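Participant: Following this message is one structure expressed as structure tokens.
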Amino acid sequence: MISPDDDLDDEMGFFLEDETHEYESMDDVRAVRRYTKLAIVERGTPTGLRALEILSFLSARRTPFLVPDNQSPCNDHKRIISSLTNLFPVPVTRRLTDIVEHVERNGWLSTNPDSVDGIPSFHLNLITNGNPKYTDEDNEGLTTSEYYSCVKELVTLVTPYLYEQLLPRVQSLVNSSTVSISEVFIRRYGDNDDDEEKEEEQEEEERQPRYGISAHYDVTSLVTSVIALDDVASTGRSGLYTVLCEDTKKDDGNSLGASNHVALRRYFKLNSGDAVIHTWDVLHGVDIVPGQKRTSLVVWFTDEGESGDEAKDSNHGSTSPWLQNPRNDDDVGLFVLASAKESLAEEEGDDDLEGLHSLYLKSASLGNAFAFTRLGALCTDNELSSTCASWAYTVLNHARDDSPFLPNHDPFSPYHGDEDAQYPPPEILAKAFYFEGAMRGDARAQVELGDDCMEHSFLIDDYDMVEDLRLFAAVLFGLASMQGDDAATKNLEQLLQMEYSNRVEEGVEPCDILSSPMFLTAQSSEIAIYQADEFLANKKSAKKVLHYATWAYVLSPVLTNVLGD
């Protein structure tokens, strides 16, 4: 085993009992990677189960982020996080909130699909391309409308604070006097407040509430500022979060790269009127506690610099200037540029796919989980050229010398390499890329690889291998489920239902089925999500439950769905 159980017991006690733990420490990034590896490599063993329990607990926590007190100006615009307290006075935020609530009740918030997740955005544009959304000159027909009056008052309220206080602060942080405000809009999260008549007129998808937005980079904005219009984020456990990351370049030669694991989320503590400022390369998202409602004002900044109108209109026809020419050791910059170029290629057509894919490969070579997962999808669709496929094989071998999904040490595939081939076929590369993404905590990679393992288990006759493949799938689905992936939870339920039915048909006693490695895996994956609030309130009790839970008094949500009440 990689680590004795006693060591994991000590670590669990540390996480549960030591409230002075510095959660901004980069050790957490390594810890998530370590426990994920233990859960996968030691699957079904006490060590693997304990690793799942620790990860599950860490994934259920909501931990505040400590914004640096002093952020010095940065010439290259790289990774800045700063804050500005009391940007909006209390009377201003109250009036803003009143107007937004009126707008929402009348169904005036935009329900266009968000570019990040495709569900209704529930936003209201105030400033677009540097200009107020409506002006008296070009909207004469709307000047008397109630909607226009609301928008105009919102713009009037925020303008002096944005241009006289926030903009100079951002210009100072990035050390550029040419930075300007590009977009300003309101975002609303939580249950809708539409009138019943309006609600009946709306399509079902338009009424779907938004409780957050997944982790992403603001590639069309050099700098983003988010101003809280309520106190939902005042405790640092709800609302806007960033994701801990570690610099790629390490003294020991090992690179971790970016990951979006839920356990690495850190929430900004924002009172009403406070602002947080961050550059485009800061991974961030929103997640509010169920039952809450959150309203925020979002400001995007651009920098024309020497690029003139090209930068100002960076949403069209080219990638944003700040994304171009990333350093060779910048896994995030390489990945984001590749993603931006890929989006443009889909919209406008681009023959240089090999150059685009090479950016993903460079990012993956630096350990970026997003890049590994994206390359898995590209290989699944057989989109890599022979040159990139050969390079991909090199990247994978460099990432791990014992990958179970590469030729010559692949226990899960009939393919063991062709002496004349320079690289394995794309379906093998895809599994190997998903494996690397899964090991780095990427939930999508974990689900994709879990699906592959399940599919493969139906194609072979070796009983022991089938059992291990399905246990592997259960671990992967459990790892993704604890991060809130609904598809993973559903897949895990279906796997357990199949396993339970199969074992009953074989004459296995129910108590023996429930104590099997697969069911223990599901229990360990979901247990901290079960009454997570009680865990946070009583850490000693949580430790006892996490360590000594039995089927007599604890069932995870997944297992409850499978077995009934």
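Participant: Return the distance in nm (one decimal) between the two label points of a simple spin-label model at Glu455 and Ser516, each offset 7 Å from Cα along Cα→Cβ.
Facilitator: 2.4 nm
Participant: Distance check, please: which entries in Lys362/Lys490; Lys78/Lys490; Lys78/Lys431; Lys133/Lys341; Lys269/Lys341; Lys293/Lys431 exceed 31 angstrom between their Cα atoms?
Facilitator: Among Lys362/Lys490; Lys78/Lys490; Lys78/Lys431; Lys133/Lys341; Lys269/Lys341; Lys293/Lys431, the Cα-Cα distance tops 31 Å for Lys362/Lys490; Lys78/Lys490; Lys78/Lys431; Lys269/Lys341; Lys293/Lys431.
Participant: Compare the peptides 92-104, 145-157, 429-441 by average per-residue count of other Cβ atoms within 10 angstrom and give them in order, highest first.
Facilitator: 429-441, 92-104, 145-157
Participant: Another question, then. For an R0 of 41 angstrom, estimate the FRET efficiency from the Cβ-Cβ distance between Val116 and Glu153 and round to the nearest 0.05.
Facilitator: E between Val116 and Glu153, to the nearest 0.05, is 0.90.
Participant: Binned at 10 Å from 0, what are the whole-percent values of the Cα-Cα distance distribution for the range 418-519, short to long?
Facilitator: Per 10 Å bin, starting at zero, the Cα-Cα P(r) for the range 418-519 comes out as 15, 41, 30, 11, 3, 0 percent.
Participant: Ranked highest first by average number of other Cβ atoms within 10 Å, how do 286-294, 364-372, 444-452, 466-474 line up?
Facilitator: Ranking, from highest mean packing down: 364-372, 444-452, 466-474, 286-294.
Participant: Let me ask something else. Sort 489-500, 329-340, 382-393 by the packing proxy (mean of other Cβ within 10 Å over each peptide's residues), most packed first.
Facilitator: Ranked from most to least packed, the peptides come out as 329-340, 489-500, 382-393.
Each reported figure results from applying straightforward, stated rules to the coordinates on display, with no laboratory input. Every value quoted in this text rests on a predicted model; they were computed, and no experiment measured them. Cβ coordinates were reconstructed from backbone atoms using ideal geometry, including for glycine residues, and neighbour counts include every protein chain displayed.
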